[in-house]
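The values are calculated or read from the model by the stated rules, or taken from the named source; none is laboratory data. Just so we're clear, the structure is a prediction, and the values are computed from it rather than from any experiment. Note that we place each Cβ from the backbone using ideal geometry, even for glycine, and neighbour counts take in every protein chain shown.
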Amino acid sequence: MIPNLSELFSLTAPEIVISVFLILVVFVDLIFHENKMPVMFTAAIGLIVAGVVIIKAMPDAGTVSNSYMVVSDKLGLYFKFIIVLTSLFIILFSYDSNEIKESHLRQGEYYALIYGMVLGMFFLTSAVDLMLIYIALELLSLSSYVLAGFTDKETRNSEASVKYLIYGAISSAFMLFGISLLYGFTGSTNLYVINEVLSSTPVNLYFLGFTVILIIAGIGYKISSVPFHFWTPDVYEGSPITITAYLSVASKAAGFALLIRFVSVAFIDHIKDNGEWILNGTFDWQTVLIILSLLTMTVGNLSALWQKNIKRLLAYSSVAHAGYILLGIAVLTNVGLVSVMIYFAVYMLMNLGAFYVVMLISNKTGSEHISQFDGIGYTMPYAGVALTIFLVSLTGLPPTAGFIGKLYLFIALLDSQMILVALIALLNTVVSLYYYVRLLKHMYIKDYDQSEEYEPQSGYSKIVLSMLVVPVLFFGIYWGPLVDFAKYCVDFIVK
């Protein structure tokens, strides 16, 4: 088949924009040796352009051919938009980060590596071929390995990078082995062709189960699901806070987009009028996803209870939230998918906000120990109030957007008659309330040095915090537009 170039360009327009600006970032860095502000502006402009391209592509998404290695549909564009917004916030955070300022002369490489991650994540969200999925995953991983140890100021920075590399190499090897087995059986790496073969050819269920579990290992590593989460607390603790925040949101978004596409394209037979997904019967995805979800949220929440380092606490919190999101996929309905998309949008806002406040406090104290939060509600009142809102939202309490995310998740569970699963998820939410409230206790109730002077925050940090706080409160009160947009983007199945 001779490819239609105009169609190929429409398929990969956001990726092309990122690739062009990746080259521009490198060239601008070469031109401006000392002043790195032009590099940051170039990186930000490139993401804005990519965001505009994604928005303009929305109305016509899903009309292109499925015979290529990538598709352009609203599901992929939704997650790409989440990735773009997250990347923009990370650039804003980086301007205010002492860790990144200390590596001033290497900021060009820093932004170029972020663009490398964005490019890998973009392809990962729209790939429908196992080989492209693996290449995109490696592009994302290689950039993130370097960024995890970017500052190299302490031993833990290098340790984080090495651990990330080792865990990533092992999970990638498992995934590649699973891909090779699936290719050997079906004779294709295209997910649509694999679906046709699995639906029409008798298959040994034990063989297919083993193959799929190997592939799940690679995906589970990206989304930090149990038992593939062991790298998460050490890497989050050792990485620069900006990169920790980036890995906790953008990398997860790409991983969940990949999981949704892998399940929906390769294993769904059809969708009922009520939105229920009917699988081809070759693999029990629902049971596996429910077990992974419950284990992930439970291990994440229980492990967070005794953490003293705030980054490790938020790392385990991130693991727990991955468990909640997995439940939305496990119901195998369009309602569940809508809940996943809503949850991820609000998770992006509240998690990035929490990490930004942690970064501001770390800039001031030079430490990430939970004791450094004592009295922050009085010495840094604006940051304290903002963090309180983000923690309430992470718990899932009204009137914040986090409540809406969990509300639609529980609606999806109850709609599918998963009462026991919903109850376990609710109990996990109660457990999470304890360690979030513990932070608030340190901020407002614990004794602190009364002689410490009130430190007014910069106008820049207040603006960035407001950009995150306002939508968290707005969507907690008026969530209609977010829900409507998520429903609009659920059209990814080619029927």
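Key figures for this structure:
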quantity	calculated
Extreme residue, farthest from the chain's Cα centre (by Cα), among residues of segment 136-169 that are part of a helix (DSSP H, G or I) and among the acidic types (Asp, Glu)	159
Residue 224 being among the hydroxyl-bearing types (Ser, Thr, Tyr), modelled with pLDDT of 85 or more and surrounded by fewer than 23 Cβ atoms within 10 Å (Cβ to Cβ)	no
Among residues of segment 79-106, those that are farther than 19 Å from residue 252 by Cβ, crowded, with 19+ Cβ neighbours inside 10 Å and not aliphatic (A, V, I, L, M), counted	3
Hits in segment 264-279 - residues which are of a type in the set (A, V, I, L, M) and surrounded by fewer than 22 Cβ atoms within 10 Å (Cβ to Cβ)	265, 268, 271, 278, 279
Residues that are in contact (Cβ under 8 Å) with a residue 12 or more places away in the chain and either in a strand (DSSP E or B) or hydroxyl-bearing (Ser, Thr, Tyr) (or both), drawn from segment 266-299	268, 269, 270, 271, 276, 277, 279, 282, 293, 296, 298
In segment 321-333, the residues that are over 13 Å from residue 292 (Cβ atoms) and either modelled with pLDDT of 95 or more or more than 12 Å from the chain's Cα centre (by Cα) (or both)	331, 332, 333
Pairs where the first residue, in segment 164-176, is more than 13 Å from residue 144 (Cα to Cα) and the second is surrounded by fewer than 17 Cβ atoms within 10 Å (Cβ to Cβ), C-beta under 7 Å, 6+ apart	172/138
Qualifying positions in segment 442-476 - at pLDDT 90 or above and surrounded by 20 or more Cβ atoms within 10 Å (Cβ to Cβ)	464, 465, 468, 469, 472, 475, 476
Pairs where the first residue, in segment 337-354, is under 10 Å from residue 82 (Cβ atoms) and the second is surrounded by fewer than 24 Cβ atoms within 10 Å (Cβ to Cβ) and charged (D, E, K, R), C-beta under 9 Å, 6+ apart	341/487
Test: residue in segment 46-56 that is of a type outside the set (Asp, Glu), surrounded by 19 or more Cβ atoms within 10 Å (Cβ to Cβ), modelled with pLDDT under 90 and out of contact with any His (no Cβ under 7 Å at 6 or more places or on another chain)	no
Per-region count, segment 430-441, residues surrounded by fewer than 19 Cβ atoms within 10 Å (Cβ to Cβ) and of a type outside the set (Lys, Arg)	6
Count of segment 78-135 residues which are of a type outside the set (Asp, Glu), under 18 Å from residue 44 (Cα atoms) and not in a helix (DSSP H, G or I)	1
For residue 184: the one exception among (1) touching a residue at least 12 places away in the same chain (Cβ under 8 Å); (2) out of contact with any helix residue (DSSP H, G or I) (no Cβ under 6 Å at 6 or more places or on another chain)	(1)
Criterion: polar (S, T, N, Q), touching a helix residue (DSSP H, G or I) at 6+ places or on another chain (Cβ under 6 Å) and under 20 Å from residue 348 (Cβ atoms) - qualifying residue of 141, 87	87
Any hit, segment 79-91, residues being among the basic types (Lys, Arg) and either over 26 Å from residue 241 (Cα atoms) or over 21 Å from the mean Cα position of the chain (by Cα) (or both)	no
Pairs where the first residue, in segment 233-246, is under 11 Å from residue 358 (Cα atoms) and the second is assigned to a loop (DSSP other than H, G, I, E, B), C-beta under 6 Å, 6+ apart	242/97
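Okay, residues lined up against (1) farther than 24 Å from residue 460 by Cβ; (2) in contact (Cβ under 8 Å) with a residue 40 or more places away in the chain; (3) of a type outside the set (Asp, Glu):
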| residue | (1), (2), (3) |
| --- | --- |
| 30 | yes, yes, yes |
| 48 | no, yes, yes |
| 56 | yes, no, yes |
| 70 | yes, yes, yes |
| 85 | no, yes, yes |
| 95 | no, yes, yes |
| 102 | no, yes, no |
| 108 | no, yes, yes |
